[in-house]
Structures are given as C-alpha cells and as structure tokens.
Amino acid sequence: MGGMFDRGAAATTGPQSARLPATLAALVAAALAAAAFVIAAIVVAATPVVAAAAPLGTDHPAPVILVVGDSISAGYGLEAGQGWVALLAARLQTEGYRERVVNASISGDTTAGGRARLPVLLREYQPTIVVLELGGNDGLRGGDVAATRDNLDAMARDAEVARARVLILGMKMPPNYGPAYARAFDAIYGEVARARNAALVPWLFAGFGEDLSRFQPDHIHPIAAAQPRMLDNVWPALLPLIGKRTNATASRKNR
C-alpha cells in the first residue's frame, strides 16, 4: 500500500495533465493486486489438503478417503492438525491402514456447492470412500429441506457411479428453528443413506452436542477438545468401509 501512495505523491510534482494518468494507473495497479490477493486466498481455501499418505514400501497407490464438508470438517478456528479429519489421518497411520485422507472441506459450503464440485474431485482423486459432511449451512440458513435432500442424494449417487463407498455424517438443527423444520431436516440424512445404501453417522456431535462448553464462542464450531469425540463417532461407521491393514503394522499390533 505504501508503494501506491508513494507513486501518487511523486506524480504531484509534474503537470496536472500528467498527474491524473499516473494516479489512475497506480489505483488500477492496486486494484488488480488486491483482486489477485483475494483470488489467491480463495484458491488456497478451496485446495484439498492431503492429510496422510501410504506408508513407504507399498507397491500400489494408496486408497483415498475423500472428505467433502464445510467448516466443521475444515477445522474452523482450530490449529493445523487439531481437526477430526487430521486426527482420522493420524489414526489410520497408527492403526496400520494404507488409506490417505484428502480433506476437500470448505468453510461456508452447502450441499449445492458440494454437489457442484464433487465430480471434479472424484475425477482427480478417484477415492474408494467418500465422506459427506454437508447440510449444516443449508439448515442454518433456513434452506429448503427437499433441495438439501436432493443435493445430498445426488452427491451419494455420483460417488456410487465413481465406484466409491459412501459415508454420510448427519447434523441437527437447534430447537429455535421450530420442531417441524428440525424433524424434517434431521430426517434427510437417514433417508438418503437408506436410499443409497450408504453408511451413516446420525449425528456427528453425538455425546457433546448439547454441551456449550465443547463449542467455540459462536456455539456452532466444536473446540479442539471435542474433535477426538467426533472422530470416535465416525470411526465405527467408517471402519467397515476400509480395506485391510498393512501386514507389517498389523503383525506388530497383534503381538
């Protein structure tokens, strides 16, 4: 910013007719630089994070677990490595599984956004498992429940067509949204899971969702201390979808 104002100040030493183009050029340059910064920030935010890779010495590419979610899975308000997805990657390695985790979650995303970007993610990463953690923002905005269901169903269908197994992570709406809306919203996850024969975690926040001390000041995003519980809610539903552990690590575990 100082450079822009420095150039503007220098331009005032010349004639008025010369000062205007120089100032406009500086403003245009600054605007372009700002736009480039915003675009770069969006690209960085939307770039999936590969949380873990297969152990060294494996002959085949590691199977991919693709997590498509919103801020809950993107680790909003947490330090790197504290979110439940990062903890999942660490547990997989510790337990001797070859799967690598690709976290394609974006804060603020909706089922419509996830539906739009999932086909590209499926082509790029060719996952064996797709974890869908979306819908919370739809509900908090009072979105149409039928549209949310259709989007979630379309994502599960696209994953099936790509020969990936699907795990759906359910969310619930606060009671102030009204009992009728809350019931209709809560039901969509089970409905889609049954229709698509997908694995289901009925509520990602089970066991702590009503304890405000486990949430950040916004009362929406869980704190770091709650992330292991979220992983514990996901793990039993995810484990049957995962392949066998690597032989060496499994042998050490069984001793």
> Within region 117-141, how many residues turn out to be open to solvent by less than 50 Å² (accessible area, probe 1.4 Å) and acidic (Asp, Glu)?
Replying inline: 2
> Within region 89-96, can one find any residue that is open to solvent by 20 Å² or more (accessible area, probe 1.4 Å) and under 23 Å from residue 202 (Cβ atoms)?
Replying inline: yes
>> Here are the criteria: (1) touching an Asp or Glu at 6+ places or on another chain (Cβ under 9 Å); (2) open to solvent by less than 40 Å² (accessible area, probe 1.4 Å). Tell me which single one residue 78 does not satisfy.
In response: (1)
> Quick one: how many residues across region 193-217 are free of Cβ contacts under 8 Å to residues at least 40 places away in the same chain and at negative phi?
Replying inline: 17
>> Among the residues in region 140-157, are any more than 23 Å from residue 202 (Cβ to Cβ) and among the basic types (Lys, Arg)?
In response: no
> Restricting attention to region 207-224, which residues are hydrophobic (A, V, I, L, M, F, W, C) and open to solvent by 60 Å² or more (accessible area, probe 1.4 Å)?
Replying inline: 212, 220
>> Restricting to region 167-192, name every residue that is surrounded by fewer than 23 Cβ atoms within 10 Å (Cβ to Cβ), out of contact with any Phe, Trp or Tyr (no Cβ under 9 Å at 6 or more places or on another chain) and in contact (Cβ under 8 Å) with a residue 24 or more places away in the chain.
In response: 181, 184, 191
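This table checks each residue for (1) at pLDDT 95 or above; (2) at positive phi; (3) touching a Ser or Thr at 6+ places or on another chain (Cβ under 8 Å); (4) not hydroxyl-bearing (Ser, Thr, Tyr).
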| residue | (1), (2), (3), (4) |
| --- | --- |
| 91 | yes, no, no, yes |
| 99 | yes, no, yes, yes |
| 108 | yes, yes, yes, yes |
| 133 | yes, no, yes, yes |
| 138 | yes, no, yes, yes |
| 150 | yes, no, no, yes |
| 156 | yes, no, no, yes |
> Within region 149-166, which residues are β-branched (Val, Ile, Thr) and open to solvent by 20 Å² or more (accessible area, probe 1.4 Å)?
Replying inline: 161
>> Quick check on my filter: what residues within region 104-116 are open to solvent by 50 Å² or more (accessible area, probe 1.4 Å) and either over 12 Å from the mean Cα position of the chain (by Cα) or free of Cβ contacts under 8 Å to residues at least 40 places away in the same chain (or both)?
In response: 112, 115, 116
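The values are calculated or read from the model by the stated rules, or taken from the named source; none is laboratory data. As the structure is a computational prediction, the values presented were derived from the model and not from experiment. All Cβ positions, even for glycine, are placed from backbone atoms using ideal geometry, and neighbour counts span all protein chains on display. Remember, those area values only see protein heavy atoms, side chains included, never the ligands or the DNA or RNA. Shrake-Rupley method; radii C 1.70, N 1.55, O 1.52, S 1.80 Å.
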